[in-house]
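Student: My questions all concern the structure below.
The values are calculated or read from the model by the stated rules, or taken from the named source; none is laboratory data. Here the structure is a predicted model, which means the values were calculated and not measured. For neighbour counting, all protein chains shown are included, and Cβ atoms are generated from backbone atoms with ideal geometry for every residue, glycine included. When the accessible area is computed, the model is the full protein with side chains, heavy atoms only, and any ligands, DNA or RNA have been set aside. Shrake-Rupley method; radii C 1.70, N 1.55, O 1.52, S 1.80 Å.
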Amino acid sequence: VQYAVPIECPTLDKICSIDSWNGLDLSMVNSLKDTASCVFTKKYGFRMSTIPFKRLSAPIPVLTIDFATTKMGFAPVSKKFEVTATESGTAHAMLLFWKSTDEGLE
């Protein structure tokens, strides 16, 4: 099962933001930040397990795959999910992760 969970992570926010350069205030550029792309933190040189973050909701199951029976093209191109916040905070990112089991194996 693939899960998604909104997280608050000031470290990620700082990496993807700009305040100033050579005394020039560039903070308004942050309003143009790409907030929709999927980025692997490894690209930035770290893993999420090495920095602090707070989950803002329960994990949301977004995709279930049975590798023994699932065929290509099984997943819809888009899907909407309801998310209920369990913690207050700023959602800096959606953390995606997999949880796999060996259910049904003999």
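Student: Evaluated at 10 °C with a viscosity of 1.306 mPa s, what Stokes-Einstein diffusion coefficient in µm²/s does the range 55-94 have when Rh comes from the Kirkwood expression over alpha-carbon pairs?
Tutor: For these conditions, the coefficient is 124 µm²/s.
Student: How much of the DSSP beta bridge set in the chain is antiparallel, as a percent to the nearest 5?
Tutor: Around 100 percent of the beta bridges assigned by DSSP in the chain are antiparallel ones.
Student: Which percent of the accessible heavy-atom area of the chain goes to carbon and sulfur, probe 1.4 angstrom?
Tutor: 57 percent
Student: Right, something else. Give the lysines whose C-alpha is closer than 24 Å to that of residue 71, dropping any in the same chain fewer than 8 places away, or say none.
Tutor: Straight-distance partners of residue 71: 79, 80, 99.
Student: Compare the Cα positions of 72, 100, 50 along the charge dipole of the range 24-106 (+1 at Cβ of Lys, Arg; -1 at Cβ of Asp, Glu; about the Cα centre) and return the one farthest towards the positive end.
Tutor: The Cα lying farthest towards the positive end belongs to 50.
Student: Then there is this: Could you state the accessible area per residue of the chain in Å², with a 1.4 Å probe and every protein chain left in place?
Tutor: 84 Å²
Student: With the calculation restricted to Cα positions, what are the radius of gyration and Dmax of the chain in angstrom?
Tutor: 17.6, 65
Student: In debye, nearest 20, what is the charge dipole magnitude of the chain about its Cα centre with +1 on Lys and Arg Cβ and -1 on Asp and Glu Cβ, if you could check?
Tutor: So the magnitude is around 180 debye.
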